[in-house]
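Everything on this sheet refers to the single structure shown next.
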Amino acid sequence: MKTDPHGNIVRGPVAILESSDCLAFAGKAHVGLLGVHGLVVVQTPDAILVCDRAKAQEIKKLVNVLPRRLR
């Protein structure tokens, strides 16, 4: 995927100011990032994930601790 001059990758209605090395995927709702570094933000119809980009490989740990009804 293409990155902007600050290393951000976006898909959907995302506005980024003064932020770098972020990955943001939005669905219908708008997502705004201001003054952050190295975040992953993913919005789906039923959930929102925000995590440090360095921890993205550990998302499965989070899924495993969520109650079954939230998975």
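The values are calculated or read from the model by the stated rules, or taken from the named source; none is laboratory data. Everything quoted here is computed from the prediction, not taken from an experiment. Heads up, the Cβs are rebuilt from the backbone with ideal geometry, glycines too, and the neighbour counts pull from every protein chain shown.
Residues that are assigned to a loop (DSSP other than H, G, I, E, B) and surrounded by 15 or more Cβ atoms within 10 Å (Cβ to Cβ) within segment 1-26 comprise Asn8, Ser19, Asp21, Cys22, Ala26, listed in sequence order.
Looking across segment 27-47, the residues that are assigned to a strand (DSSP E or B) and of a type in the set (A, V, I, L, M, F, W, C) come down to Val31, Leu33, Leu34, Leu39, Val40, Val41, Val42. Within segment 38-58, residues that are β-branched (Val, Ile, Thr) have Cβ atoms under 7 Å from residues that are at pLDDT below 95 and part of a helix (DSSP H, G or I) in these pairs: Val40/Arg53; Val40/Ala56, counting only partners at least 6 apart in sequence or on another chain. Scan segment 14-32 for residues that are of a type in the set (D, E, K, R) and at pLDDT below 95 and the total you get is 1.
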